[in-house]
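Peer 1: Quick one: the structure is below, questions incoming.
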Amino acid sequence: MSRMATAGTTFGAPNIPLEARKRQATNARTDAVKEAFLHSWNGYTKHAFGFDELSPVSNKGTNSRNGWGASIVDAMSTAILMGLDDVVLRQLEHIKSVDFTKTNTTVSLFETTIRYLGGLLSGHDLLTGPHKDLLPSNSTKLIDALIDQAVILADTLAFGFDTASGIPGNNLNFTSKSFADTTNGIATAGTLVLEWTRLADITGNRRYAELSQKAESYLLKPTPPLGEPFPGLLGTEVDIETGKFTDSRGGWGGGTDSFYEYLIKMWVYDQEKYGLYKERWIAAADSTIKYLTSHPQSRQDITFVAEYENAQTLSLNQGHLTCFIGGNFILGGQVLSRKEYTDYGLALTSGCHHTYNSTPSSIGPERWSWDPRNVPAAQTDFFARNGFYTTAVSGQRVHLVFDYDISLGIGTVQHWNPGSSLPQLENYFKADTQGSQSNASGGDSSSGSKACGIVFTTKHLA
């Protein structure tokens, strides 16, 4: 007797309803991400605990972020989302013991804000909010210490804002309370506002918000006109004494990227207070679609985003860091109910995915171009097939996630052809990469549903 196929069945597969099979696949992905996190975390704790990161080839600790244990603070929100209570408790014990006022190396205000300050605040918000039941009730003092340490760190960093304009220096000397910067970039100056505003809201000390928002004000209303070559799209460098832009060069890549990212996220954080941030993001988004959208000559089906030297000169280049743009447009489309932004974000994400899928190792280049006038002879066929050619590969660091395991950590790939690696596991791997993977694979379970009311910053949550 023959049987009719019904919805929710697959020929040759067990008769498991479609939704159940989807849940199984989601659970398998979630478990795989957690396993990868624990693999790198356990290697770090065995050989480098307290250092900023593990070098997984030599199994030794290194410090690139002032020696305060960046991997610990950076990874905490990921561990919380994964429900790893024992990991979180060990992280909290370490954080409580750190002296954030002392270091022998230069402190980046930008990096310290997004990694340390953001990590402390996100840990506190998660452990007092959607994940308040993760730890035993006697952990309250450890959780409270996150804010105590955030205040100490912010107070120590605050001298960086002591300039004529209020735009901070970025490279700070804690010993002499000084810095030598004369300009600052829009990403380094414009990616402070969410963390510092959140700290102000938690503590009630408005000074933290005022410092970061004064710096941001010069970016929301840029002068002179050369600083805004397209509506909403800015130059890169600002004079910290005058607050005036010094160039027209820009795009959505490194040095500018997270300024645009935070515009829409500040509005999501508080829609009543930060309407101007939303309007500036919309202006930047519309100009990007109108002026920077580009399709390679040999692959018109692919969408990339050009960079610019000024309003008259585009550069047909894109970098790996720019690939966050798809998610930012999708976020904007969702929160603003603007389908055109969502569709554009999906097209940009597809373009970035294509740069990975096109290489022998499925690992994309650090930078690439689609300018048909400059195709290297050795990449002519590759360009004809794929619509781009690489301009920075060897010696560059590519950090996404094809589980390139080295012993106790996950190393850094040096070349997109198989073979070589760099001996460092970046401290932000567990936050940026595995945290994003955990949320992406979570579906409607655990971390996904519990993230309601949470704004994901460039590294963490707020």
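Peer 1: For the structure I just gave you, tell me whether ASN328 is out of contact with any His (no Cβ under 7 Å at 6 or more places or on another chain), buried (at least 21 other Cβ atoms within 10 Å of the Cβ) and of a type in the set (S, T, N, Q).
Peer 2: Answer is yes for this residue.
Peer 1: Sort out which residues of segment 73-118 are among the hydrophobic types (A, V, I, L, M, F, W, C) and closer than 21 Å to ASP181 by Cα, and write them in order of number.
Peer 2: VAL107, LEU109, PHE110, ILE114
Peer 1: Among the residues of segment 159-184, what is the count of those that are closer than 19 Å to THR256 by Cα and part of a strand (DSSP E or B)?
Peer 2: Final tally of qualifying residues: 3.
Peer 1: While we're looking at this one, here's another question. Scan (1) out of contact with any helix residue (DSSP H, G or I) (no Cβ under 6 Å at 6 or more places or on another chain); (2) within 17 Å of GLY118 (Cα to Cα); (3) of a type outside the set (Val, Ile, Thr); (4) crowded, with 21+ Cβ neighbours inside 10 Å for the single condition ASP201 breaks and write down its number.
Peer 2: Evaluating ASP201 over (1) out of contact with any helix residue (DSSP H, G or I) (no Cβ under 6 Å at 6 or more places or on another chain); (2) within 17 Å of GLY118 (Cα to Cα); (3) of a type outside the set (Val, Ile, Thr); (4) crowded, with 21+ Cβ neighbours inside 10 Å leaves (4) as the failure.
Peer 1: For the subset of segment 247-299 comprising residues that are among the aromatic types (Phe, Trp, Tyr) and part of a loop (DSSP other than H, G, I, E, B), which member is farthest from PRO229 (Cα to Cα)?
Peer 2: The qualifying residue farthest from PRO229 (Cα to Cα) is TYR274.
Peer 1: Shifting gears a bit: Kindly indicate whether any position in segment 244-258 is closer than 14 Å to GLU279 by Cα and either in contact (Cβ under 8 Å) with a residue 24 or more places away in the chain or not acidic (Asp, Glu) (or both).
Peer 2: no
Peer 1: Residues that are buried (at least 18 other Cβ atoms within 10 Å of the Cβ) and of a type in the set (S, T, N, Q): does segment 266-274 have at least one?
Peer 2: Among the residues of segment 266-274, not one is buried (at least 18 other Cβ atoms within 10 Å of the Cβ) and of a type in the set (S, T, N, Q), which makes the answer no.
Peer 1: Please list, ordered by first then second residue, the pairs with beta carbon atoms under 7 Å, 6 or more apart or interchain, first in segment 47-66 and free of Cβ contacts under 8 Å to residues at least 40 places away in the same chain and part of a strand (DSSP E or B), second among the hydrophobic types (A, V, I, L, M, F, W, C) and surrounded by 18 or more Cβ atoms within 10 Å (Cβ to Cβ).
Peer 2: Listed by first residue and then by second, the contacts come to LYS60/ALA48; GLY61/ALA48; GLY61/PHE51; GLY61/LEU54.
Peer 1: Of the residues that make up segment 198-208, is at least one assigned to a helix (DSSP H, G or I), of a type in the set (Phe, Trp, Tyr), farther than 28 Å from SER294 by Cα and in contact with a Phe, Trp or Tyr (Cβ under 6 Å, 6 or more places away or on another chain)?
Peer 2: Yes, the conditions are met somewhere in segment 198-208.
Peer 1: Further question on the same structure: Would you please name the residue that is surrounded by the most Cβ atoms within 10 Å (Cβ to Cβ), looking only at residues in segment 206-254 that are acidic (Asp, Glu) and under 20 Å from LEU109 (Cβ atoms)?
Peer 2: Per the criteria, the residue is GLU216.
Peer 1: I'd like to know if segment 108-124 contains one or more residues that are basic (Lys, Arg) and touching a strand residue (DSSP E or B) at 6+ places or on another chain (Cβ under 8 Å).
Peer 2: Scanning segment 108-124 turns up no residue that is basic (Lys, Arg) and touching a strand residue (DSSP E or B) at 6+ places or on another chain (Cβ under 8 Å).
Peer 1: Are there any pairs with C-beta distances below 6 angstrom linking a residue in segment 201-228 that is under 19 Å from PHE161 (Cα atoms) to a residue that is surrounded by 20 or more Cβ atoms within 10 Å (Cβ to Cβ) and among the polar types (S, T, N, Q), with the two at least 6 apart or on different chains, and if so which?
Peer 2: Every condition considered, the pairs that remain are ALA209/THR197.
Peer 1: When you scan segment 137-155, do you find a residue that is closer than 24 Å to TYR260 by Cα, among the hydrophobic types (A, V, I, L, M, F, W, C) and under 25 Å from the mean Cα position of the chain (by Cα), even just one?
Peer 2: Within segment 137-155, one or more residues are closer than 24 Å to TYR260 by Cα, among the hydrophobic types (A, V, I, L, M, F, W, C) and under 25 Å from the mean Cα position of the chain (by Cα).
Here, each number is a calculation from the coordinates, and none is a lab measurement. Please read these numbers as outputs of a predicted model, since none were measured by experiment. For neighbour counting, all protein chains shown are included, and Cβ atoms are generated from backbone atoms with ideal geometry for every residue, glycine included.
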